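Inspection log for the structure reproduced underneath, given as structure tokens.
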Amino acid sequence: MSNRLLITGASGKLGTAVLTHLLDTHGVQPARIVAGSRAPDKLTAVAARGVATARVDFDDPASMEAAFKDIDTLLIISSDALGEPGKRLSQHLAAVAAAKKAGLRHIVYTSLISPETSGIHFAPDHVGTEQAMRESGAGWTILRNAWYMENLMAAIPSALESGKWYTASGTGSAGYVTRDDCARAAAAVLAASPTENKVYSITGPQSLSVDDLVATLNAVYGKTIEVVQLDEAGFIGGLKAAGLPDILVQIIAEFDKDVKQGNMAGVSDAIATLTGKAPTSFADFVSALKS
Ligand SMILES: NC(=O)c1ccc[n+]([C@@H]2O[C@H](COP(=O)([O-])OP(=O)(O)OC[C@H]3O[C@@H](n4cnc5c(N)ncnc54)[C@H](OP(=O)(O)O)[C@@H]3O)[C@@H](O)[C@H]2O)c1
């Protein structure tokens, strides 16, 4: 029986990090791994290490039919197709259907924290994908990733420069996690050849409000950044005035609203349990940015 692992979205930032952790953190043999991407020609670095590559495009069922043959466990990395309503869910459903058709033993998926109660417009994509996995007949592991700390990479320099951090999130908090820790957790699940159906909340070590984020930034950078609380309309107006694309304005505003309502709050010990290593703190993330 095959023990091969296929990772979709292998050329993306998370996919690349999952492959690195499979090979370097977990010592998985390259011959066990298939890196799947719409552009397998971009996968030269892993191919040079002996990892097989395959074209995998959720919009092309034939690509998945060919690539999913002789695979034991599939990691579906959620796509970034947010521009067209309904597209991302149909892509993920096509991937689950192809996995079912190929008779794969286990499917792993990168979901979103608390998707059922989230007000973020793409949360239903995750709910629908999770449901399809549960009904697929294959085993499943759902990795509900918290908001990446990397999503703050634009807000941090702007706050350092202006001395103000604008938010509509009130005193709500979120379990921010680094992308690399999400990748480490996904790689740990894949390397262990999961046999049980499980949902994990993949969070950082602390649930942080904007006051907490700013206190850390001030401590690390020796600054006196102020938190400016805005109502939703004022926050959206500011994001638009800053020239952000509409889709990003929508996502950031929806995120702040979710945080304010408590939907992003809380942490779990899943990363430490799965990987044996605690997740990166925001203080360490910010200190690494500074150095
Ligand atoms: N939790 C968070 O805060 C957070 C933040 C940002 C994104 N995300 C989600 O997590 C995913 C991975 O994050 P990332 O940082 O690695 O983003 P990224 O670098 O932008 O990667 C986007 C991924 O989508 C894949 N993709 C797009 N269209 C596809 C298609 N038709 N078929 C198969 N795969 C397709 C790409 O794969 P190829 O190009 O290799 O085909 C790539 O891996 C994102 O796509 C998004 O769903 C979560």
- Task: State the number of residues belonging to segment 62-74 that are within 11 Å of the ligand (Cβ to nearest atom) and in contact with a helix residue (DSSP H, G or I) (Cβ under 6 Å, 6 or more places away or on another chain).
- Result: 1
- Message: Being out of contact with any strand residue (DSSP E or B) (no Cβ under 6 Å at 6 or more places or on another chain) and either in a loop (DSSP other than H, G, I, E, B) or closer than 12 Å to A242 by Cβ (or both) is the filter here; which residues of segment 153-172 pass it?
- Response: M153, A154, A155, S158, S162, G163, A168, S169, G170, T171, G172
- Query: Is there a residue in segment 148-159 that is closer than 26 Å to E130 by Cβ, touching a Ser or Thr at 6+ places or on another chain (Cβ under 6 Å) and buried (at least 22 other Cβ atoms within 10 Å of the Cβ)?
  - Reply: yes
- Query: Where in segment 21-119 are there strands (runs of 3 or more DSSP E), lying fully within it, with 1 or more residues that are in contact with a Cys (Cβ under 8 Å, 6 or more places away or on another chain)?
  - Reply: 106-112
- Query: What is the number of the single condition among (1) surrounded by fewer than 22 Cβ atoms within 10 Å (Cβ to Cβ); (2) within 13 Å of the ligand (Cβ to nearest atom); (3) more than 26 Å from N197 (Cα to Cα) that P115 does not meet?
  - Reply: (3)
- Item | Hits in segment 29-45 - residues which are of a type in the set (A, V, I, L, M, F, W, C), closer than 13 Å to I7 by Cα and away from the ligand (no atom under 11 Å from the Cβ) | I33, V34
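Any chance you could count how many residues in segment 82-99 are near the ligand (Cβ under 7 Å from one of its atoms) and free of Cβ contacts under 8 Å to residues at least 12 places away in the same chain?
First, pick out the residues of segment 82-99 that are near the ligand (Cβ under 7 Å from one of its atoms): 91.
Checking the rest, the ones that are also free of Cβ contacts under 8 Å to residues at least 12 places away in the same chain come to none.
Within segment 82-99, residues that are near the ligand (Cβ under 7 Å from one of its atoms) and free of Cβ contacts under 8 Å to residues at least 12 places away in the same chain number 0.
Counting only residues that are more than 11 Å from the ligand (Cβ to nearest atom) and of a type outside the set (S, T, N, Q), how many does segment 122-152 have? Before the answer, list the steps.
As a first pass, look at segment 122-152 and keep what is more than 11 Å from the ligand (Cβ to nearest atom): 123-124, 127-128, 130-142.
Subsequent filtering for residues that are of a type outside the set (S, T, N, Q) retains 123-124, 127-128, 130, 132-135, 137-140, 142.
Total satisfying the criteria: 14.
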- Got at least one residue in segment 174-194 being within 16 Å of the ligand (Cβ to nearest atom) and either without any contact (Cβ under 8 Å) to a residue 12 or more places away in the chain or farther than 24 Å from T20 by Cβ (or both)? yes
- Message: Looking only at segment 120-147, filter to residues that are touching an Asp or Glu at 6+ places or on another chain (Cβ under 8 Å) and part of a loop (DSSP other than H, G, I, E, B); which one of those is surrounded by the most Cβ atoms within 10 Å (Cβ to Cβ)?
- Response: I120
- Item | Qualifying residue in segment 2-11 (condition: out of contact with any strand residue (DSSP E or B) (no Cβ under 8 Å at 6 or more places or on another chain) and either assigned to a helix (DSSP H, G or I) or within 13 Å of the ligand (Cβ to nearest atom) (or both)) | no
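None of the figures in this text is laboratory data; all of them are computed from the coordinates on show. Predicted, not measured: the structure shown is a model, and the values here were computed from it. When we count neighbours, we look across all protein chains shown, and the Cβ atoms used for this are built from the backbone with ideal geometry, even at glycine.
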